[in-house]
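Presented below is the structure to which this report refers.
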Amino acid sequence: MLLSLFVSIRESVAIHEERHQKRLPDKIIIKKYFLAKYSYREVINLIRNIEILTNNGVICDKFNGILKITFIDGGFIDVLHGARDKIHGGSVLVSHPLMGSVKPNETPYRSIILEDKKGPLDFQSLSIIESSIESCKKLLRDKLTPDWTPRVLDDFKFLDMKLLESALSSIGVNC
């Protein structure tokens, strides 16, 4: 089992029990500094509600069965539109839609982390996603995404995966 929380044995046992009650995959590792900031229940509820929207098949392969993944068959802007639709349904952005230094007109791949909720509309998330869509449209108007070779596309998939892993790590989750 890959349960490694760098906390005391007693805390590990308590987390193990909660993990199985909430049916969390054993491949999720929660960092101790994140547990110092939030209660176990808050961390587990966040992890259970994480949803990743992506158009990157590598993400689907890596996180399938570990986290909830929604594959969007389309481009960068389609992922942003999918996230906007989820936000209108009550979900909240966890990662910024334009994270990293790769511009939307440079890469065709994007993965966004949402907290899948059915609550009221989160206006901050809506503002961020709408602004991101406008930025993406502007960049795509100025210069379309090049027709990259398969090797370069694989590099962009890898980069998207590393950005996602970094975003997950920033909320205390390693997979």
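The values are calculated or read from the model by the stated rules, or taken from the named source; none is laboratory data. Because the structure is predicted, anything quoted here is derived from the model rather than measured. A quick note on method: Cβ atoms are made from the backbone with ideal geometry, for glycine too, and the neighbour counts reach across all protein chains shown.
May I ask you to list the residues in the range 113-171 that are under 27 Å from ARG48 (Cβ atoms) and of a type in the set (Gly, Ala, Ser)? Give the steps one after another, and end with the answer.
Residues of the range 113-171 under 27 Å from ARG48 (Cβ atoms): 113-129, 132, 157, 160-171.
Of everything in the range 113-171, those that are under 27 Å from ARG48 (Cβ atoms) and of a type in the set (Gly, Ala, Ser) turn out to be GLY119, SER125, SER127, SER132, SER166, ALA167, SER169, SER170.
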Considering only the range 122-134, I want to know if a residue exists there that is small (Gly, Ala, Ser), assigned to a loop (DSSP other than H, G, I, E, B), surrounded by fewer than 14 Cβ atoms within 10 Å (Cβ to Cβ) and out of contact with any Lys or Arg (no Cβ under 6 Å at 6 or more places or on another chain).
no
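Restricting the search to the range 87-112, which residues are of a type in the set (Gly, Ala, Ser) and either under 22 Å from ARG48 (Cα atoms) or assigned to a strand (DSSP E or B) (or both)? Walk me through how you get there before you give the answer.
Initial filter on the range 87-112 (of a type in the set (Gly, Ala, Ser)): 89-91, 95, 100-101, 111.
If the condition is that a residue be of a type in the set (Gly, Ala, Ser) and either under 22 Å from ARG48 (Cα atoms) or assigned to a strand (DSSP E or B) (or both), then GLY89, GLY90, SER91, SER95, SER111 are the ones that fit.
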Can you name every residue in the range 135-175 that is basic (Lys, Arg) and either at pLDDT 95 or above or assigned to a helix (DSSP H, G or I) (or both)?
LYS137, LYS138, ARG141, ARG151, LYS157, LYS162
Count of the range 147-158 residues which are touching a residue at least 40 places away in the same chain (Cβ under 8 Å) and surrounded by fewer than 17 Cβ atoms within 10 Å (Cβ to Cβ)
3
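Working only within the range 70-99, note down all residues that are under 12 Å from LEU164 (Cα atoms) and buried (at least 16 other Cβ atoms within 10 Å of the Cβ). Talk me through it step by step, then tell me what you get.
Filtering the range 70-99 for residues under 12 Å from LEU164 (Cα atoms) gives 94-99.
Within the range 70-99, VAL94, SER95, PRO97, LEU98, MET99 meet the criteria.
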As an exercise: evaluate SER132 against (1) out of contact with any His (no Cβ under 8 Å at 6 or more places or on another chain); (2) under 25 Å from LYS62 (Cβ atoms) and give the number of the one condition it does not meet.
(1)
Among LEU80, LEU53, LEU46, which is part of a helix (DSSP H, G or I) and either modelled with pLDDT of 95 or more or in contact with a Phe, Trp or Tyr (Cβ under 7 Å, 6 or more places away or on another chain) (or both)?
LEU80
